[in-house]
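Accompanying notes for the structure given below.
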Amino acid sequence: MNNTTAYPDSKSHYEILDGLRGVASVLVIAFHIMETFTGGNRFIQVINHGYLAVDFFFLLSGFVVAYAYDDRWGKMTQWDFYKRRLIRLQPMIIMGSLVGAALYYFQGGAAFPMISETPVWKMLLVMLVGCTLIPLPVSMDIRGWQEMHPLNGPAWSLFFEYIANILYALFVRKFSKTLLTILVLLAAIFLVQYLVMGPQGDVIGGWSIDKTQLHIGFARLLFPFFAGVLLCRAGKLIRIKNAFLVCSLLILIVLSVPRIGGTNHLWMNGLYESACIILVFPLIVSIGAGGSLTGKYPVKICRFLGGISYPLYITHYPLIYLYTAWVVNNKIQLGAYGLFVGLLLFISSIAIAWACLKLYDEPIRNWLAKRYLVKKA
């Protein structure tokens, strides 16, 4: 009796989009390293709009999910879909929580005074909950930043990613283009209203279980994810030469633009970020999906960046906590010494991501796929 994969991943990858996800992940690391020297002041950050990479990720995810699954629902159940998404995402969520736990007690000091008061049993409980991605209430915070995942802050975006996947499987996959367009337009209004008329003029936030942060999280999620789905269904791709280079430069420029408007004109920065998320990011994805790679090295670069992108994003932040503690505890200023250590952290983050990908993520996903996605013919 033969074994066959029930729903094989037979579709070709958009390798440029994989590479762009890696480019954005690398810029997130650089943003977080430089952010350490700002003391939390969002008006003086270097790579000031680096946090918009998360919104770009949501758009990419919506596009890729629609591309991979829109035409499979006639032979695929919801549970099949959920299994595939869990196998793709959950192993590295677990690894991120484990890395966060391993480094937690090395991060104590003035930056995180709660660490010295946190018993091991409580940290381990937070670690176990983090492995499930169930969000923790503020009352369970063990760091002081009120994160729903105190050992690995960026996991908040995966929490919202799961919500988007569930909404897609339950409802949005059945939407006509017209109904989906209406949903995307309403989500755009929701996003712009918060950015232009809201209290901070940016989309920073989404990582806590409270009314304000959940508002930010859903504003950041709904438009880009479902705009990505709509973009894939519309099929309006842009074909230009050197698409990967052009898109990479666009991402770098968008994320590096300094804060606009200052404290007196928050709406100006909100308008800029609205334009980035609603206009520029879909343009980048259209160019990336419509482009092609020529030559051995561009293909290798995109595959490498695409491979490490998710492991890099979900494992780097415990190192950022460690770096933040070192900077604050030793009163390190932005200069050659601090940047040199930051460079070592940058390289270490990439090395850890690559090791996680090759030694853990790919083998575990292959085993899970054979175990849960293979049916007897």
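The values are calculated or read from the model by the stated rules, or taken from the named source; none is laboratory data. Source: prediction; values computed, not measured. Glycine gets a Cβ as well: all are built from the backbone with ideal geometry, and neighbour counts include every protein chain shown.
Laid out as a table, the results:
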read-out: Considering residues of the stretch 72-90 that are over 16 Å from Leu170 (Cβ atoms) and at pLDDT below 95 only, the residue surrounded by the fewest Cβ atoms within 10 Å (Cβ to Cβ); value: Gly74
read-out: Options Gly306, Gly335, Gly270, Gly290; residue that is small (Gly, Ala, Ser), touching a helix residue (DSSP H, G or I) at 6+ places or on another chain (Cβ under 8 Å) and without any contact (Cβ under 8 Å) to a residue 60 or more places away in the chain; value: Gly290
read-out: Any helices (runs of 4 or more DSSP H) falling wholly within the stretch 267-377 and containing at least 2 residues that are modelled with pLDDT of 95 or more and more than 30 Å from Ala110 (Cβ to Cβ); value: 281-290, 296-315, 336-356, 362-372
read-out: Checklist (1) assigned to a helix (DSSP H, G or I); (2) among the hydrophobic types (A, V, I, L, M, F, W, C); (3) closer than 30 Å to Glu15 by Cβ applied to Ile115, failing item; value: (3)
read-out: Scope the stretch 217-238; condition closer than 22 Å to Pro154 by Cβ and surrounded by fewer than 21 Cβ atoms within 10 Å (Cβ to Cβ); matching residues; value: Phe218
read-out: The stretch 51-102: number of residues that are small (Gly, Ala, Ser), closer than 17 Å to His316 by Cβ and without any contact (Cβ under 8 Å) to a residue 60 or more places away in the chain; value: 2
read-out: Of residues in the stretch 11-43 being closer than 17 Å to Gly291 by Cα and among the acidic types (Asp, Glu), the one farthest from the chain's Cα centre (by Cα); value: Glu15
read-out: Residue that is surrounded by 20 or more Cβ atoms within 10 Å (Cβ to Cβ) and either of a type in the set (Ser, Thr, Tyr) or closer than 25 Å to Leu230 by Cβ (or both), where the choices are Ser274, Ser256, Ser348; value: Ser274
read-out: Residue list for the stretch 32-60, filter: surrounded by 22 or more Cβ atoms within 10 Å (Cβ to Cβ), touching a Leu at 6+ places or on another chain (Cβ under 7 Å) and in a helix (DSSP H, G or I); value: Ile33, Gly50, Leu52, Ala53, Phe58, Leu60
read-out: Meets criteria (of a type in the set (A, V, I, L, M, F, W, C), assigned to a helix (DSSP H, G or I) and under 25 Å from Asn366 (Cα atoms)) for Ile94; value: yes
read-out: Total residues in the stretch 292-330, condition surrounded by fewer than 16 Cβ atoms within 10 Å (Cβ to Cβ) and among the small types (Gly, Ala, Ser); value: 2
read-out: Leu133 being on the phi > 0 side of the Ramachandran plot, modelled with pLDDT of 95 or more, among the aliphatic types (A, V, I, L, M) and out of contact with any Pro (no Cβ under 9 Å at 6 or more places or on another chain); value: yes
read-out: The stretch 200-215, residues that are surrounded by fewer than 21 Cβ atoms within 10 Å (Cβ to Cβ) and closer than 21 Å to Leu133 by Cα; value: Ile204, Gly205, Ile209, Asp210, Lys211, Thr212, Gln213, Leu214, His215
read-out: Subset of the stretch 348-368 (residues that are of a type in the set (Phe, Trp, Tyr) and closer than 23 Å to Val26 by Cα); value: Trp354, Tyr360
